[in-house]
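Have a look at the structure below before the remarks.
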Amino acid sequence: MKRIMTLFLAIILSLGLAACSNRAELKETETFLNLESGGTESETHTMNNELNTVNGTLVVYFSATGTTKPLAEYAADFLNADLYEIVPEDPYTEEDLAYDTDGRADREQNDASARPAVSGGVDNIDRYDTILLGYPIWHGQAPRIISTFLETYDFSGKKILPFCTSHSSGIGSSDVNLHDLAKNAEWFEGRRFAAGTPREDIKAWLDEMEITADKTVGDISFDLESRTVTLNSGHEMPINGLGTYSLHGDECINSVKSALQSGVRLIDTASAYGNEEEVGQAIREAIDEGIVKREEIFVTTKIYPGSEMANPEESIQACLDRLDIGYVDMMLLHHPDVNDVKAYKAMEKFVEDGKIRSIGLSNWYVEELIEFLSQVDTIPALIQNEIHPYYQENDVIPFIQGKGIVVQGWYPLGGRGHTAELLNDPVISEIAGVHGVSSAQVILRWNLQKGVVVIPGSSNPEHIKENTELYHFSLTEEEMYRISALDRGEKHDWY
Ligand SMILES: Cc1cc2nc3c(=O)[nH]c(=O)nc-3n(C[C@H](O)[C@H](O)[C@H](O)COP(=O)(O)O)c2cc1C
């Protein structure tokens, strides 16, 4: 269900994204153009020490029937702000909302002291100095749950910018009547919007109110000369690597060593793959044999939902112990989980201790990401999702990249049982023929030109080497377009 909701939201967002040239789109276009124009040209990166800190704007909203919600999402997207939905502990039914029936909503609005309970809360309101507050008009006023929200926190010194949606009423006195509930806040004049207000109008309102994004989105375009990208954590990461899912024992050790010998500097593993010991052994042997130095390589691992995320300190330490390579360059949460925020916070502590360099997420889509970002301090450096020509995530990728988060694709070649079909796809084969490269190289290069890091898995030394040879050719805009047209929204794994 969550997945369906995510897809639905992603489609809505993508329609919105398509409707105007927003930051996320520009970001992707920039990435695309940077690669297109240069081929092997070096890009410069803007380092910004504030990249990894949370910004000071929070978009809060209550939306009983979903009208206010998209407007809040547009605002959060434009401002790169966190988003928080006021969810009633006791959800409103259709009957509750039927007005002029003396139903629950009517009674609450008639009772100035009504304070419907809110489920959950804002993690750390002190991080925000600007709050956008969205609500529907109920009998000319803000719903009483907005009063509950305002009385829960100390808004002293914070700017509050109210906005509402309604059937036909204006904002009236609904915004001014809230002032007493947060007396020491600096209240801005509120604005009413009609249902279905387009993104551009929200942007125009924010511009008019001089509310601007206070978080700089970092440059995550790829440097094709060094074959790296600079993460928002400030660390450099190679843009092509080796995935080790399904590799075990000697086959795993040999594959990792072969990759390191072929110049691969990014190795991806996970606790759930059950091969961290072999990956670690291969790396230690490669270091001992003078093939690489520890600081030249980038190793990613992941902790899994369930007991691992329920006991994150233990699980993180266990990954470090199994790998036994000093520190881990990147640790990801493998999937969303009830304990994901707790596990992420544990990873943050390991970053402080220098045992992990960067942290991120895997299998996180738009809705999960919006929800997650409002609860954590460190913006993920990377999100790793299933991406291949038959499952392109063209809606999700710009959304993630627009937040300065690097996207990495797993199953770049389609995944087990699907690789042959993908590699023999007539369009991809034809493009491969034109450039004198393999279909795999075309697909990997297509990813790089979209600003997506690739980690193809292989145990075949020739394939491992071939998968690194991605920098002597580039795909034309038309070829990129032809591959984009192959999207079927066809997931090759369950998450
Ligand atoms: C109990 C109740 C009272 C409402 N009173 C008004 C009103 O006074 N004026 C108005 O124009 N719309 C009124 N509406 C309609 C909502 O303001 C409007 O549909 C709003 O956009 C819903 O936003 P939401 O979907 O985010 O909850 C009322 C709706 C409800 C449920």
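The values are calculated or read from the model by the stated rules, or taken from the named source; none is laboratory data. These figures come from a predicted structure and were not determined experimentally. Ideal geometry is used to build each Cβ from the backbone, glycine not excepted, and the neighbour counts take in all protein chains shown.
Points to keep in mind about this one:
- Within the range 269-388, strands (runs of 3 or more DSSP E) holding 1 or more residues that are within 25 Å of the chain's Cα centre (by Cα) and among the hydroxyl-bearing types (Ser, Thr, Tyr): 298-303, 356-362
- If you check Ser258, Ser262, Ser226 for being surrounded by fewer than 16 Cβ atoms within 10 Å (Cβ to Cβ) and over 24 Å from Asp82 (Cα atoms), only one passes: Ser226.
- Any hit, the range 427-438, residues being over 30 Å from Gly120 (Cα atoms) and among the polar types (S, T, N, Q): yes
Conditions tested, residue by residue: (1) in contact (Cβ under 8 Å) with a residue 40 or more places away in the chain; (2) among the charged types (D, E, K, R).
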position	(1), (2)
Tyr153	no, no
Gly157	no, no
Ile171	no, no
Lys183	no, yes
Leu224	yes, no
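- Enumerated helices (runs of 4 or more DSSP H) restricted to the range 394-437, each holding at least 1 residues that are surrounded by 22 or more Cβ atoms within 10 Å (Cβ to Cβ): 396-401, 426-435
- Candidates Gly190, Gly140, Gly134: the one that is more than 9 Å from the ligand (Cβ to nearest atom) and either under 29 Å from Asp90 (Cβ atoms) or not assigned by TED's automatic domain parsing to the domain that holds Thr68 (or both) is Gly190.
- In the range 288-300, the condition of being farther than 21 Å from Tyr365 by Cβ and among the hydroxyl-bearing types (Ser, Thr, Tyr) is met by no residue.
- Only one entry of Arg199, Arg191 meets the criterion of being of a type in the set (D, E, K, R), farther than 30 Å from Ser474 by Cα and either free of Cβ contacts under 8 Å to residues at least 40 places away in the same chain or touching a strand residue (DSSP E or B) at 6+ places or on another chain (Cβ under 9 Å) (or both), and that entry is Arg191.
Table: residues versus (1) within 14 Å of the ligand (Cβ to nearest atom); (2) under 20 Å from Ile397 (Cβ atoms); (3) modelled with pLDDT under 85.
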site: Leu7; (1), (2), (3): no, yes, yes
site: Thr31; (1), (2), (3): no, yes, yes
site: Gly38; (1), (2), (3): no, no, yes
site: Gly56; (1), (2), (3): no, no, yes
site: Ser63; (1), (2), (3): yes, no, no
site: Leu79; (1), (2), (3): no, no, no
site: Tyr84; (1), (2), (3): no, no, no
site: Ser113; (1), (2), (3): no, no, no
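- Residue match in the range 111-120 (condition: in a strand (DSSP E or B), farther than 16 Å from Thr68 by Cβ and either assigned by TED's automatic domain parsing to the domain that holds Asn177 or touching a residue at least 24 places away in the same chain (Cβ under 8 Å) (or both)): yes
- Each residue in the range 406-433 was checked for being touching a residue at least 24 places away in the same chain (Cβ under 8 Å) and either among the hydrophobic types (A, V, I, L, M, F, W, C) or not assigned by TED's automatic domain parsing to the domain that holds His463 (or both), and 8 of them qualify.
- Looking across Lys342, Lys302, one residue alone is in contact with a helix residue (DSSP H, G or I) (Cβ under 7 Å, 6 or more places away or on another chain), crowded, with 23+ Cβ neighbours inside 10 Å and not assigned by TED's automatic domain parsing to the domain that holds Asp123. It is Lys302.
- Of the residues Lys491, Lys465, Lys450, the single one that is surrounded by 13 or more Cβ atoms within 10 Å (Cβ to Cβ), charged (D, E, K, R) and in contact with a strand residue (DSSP E or B) (Cβ under 6 Å, 6 or more places away or on another chain) is Lys491.
- Of all residues in the range 144-169, exactly one satisfies the criterion of being assigned to a loop (DSSP other than H, G, I, E, B), crowded, with 18+ Cβ neighbours inside 10 Å and either outside the structural domain of Pro91 (by TED's automatic domain parsing) or near the ligand (Cβ under 8 Å from one of its atoms) (or both), namely Ser166.
- Filter pass, Tyr327 being within 23 Å of Val59 (Cβ to Cβ) and among the hydroxyl-bearing types (Ser, Thr, Tyr): no
Residue-by-condition table, conditions (1) in contact with a strand residue (DSSP E or B) (Cβ under 7 Å, 6 or more places away or on another chain); (2) modelled with pLDDT of 90 or more; (3) farther than 21 Å from Thr228 by Cβ:
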| residue | (1), (2), (3) |
| --- | --- |
| Ile383 | yes, yes, no |
| Ile387 | yes, yes, no |
| Tyr390 | no, yes, yes |
| Asp395 | no, no, yes |
| Val407 | yes, yes, no |
| Leu413 | yes, no, yes |
| Arg416 | no, no, yes |
| Glu421 | no, yes, yes |
| Asn424 | no, yes, yes |
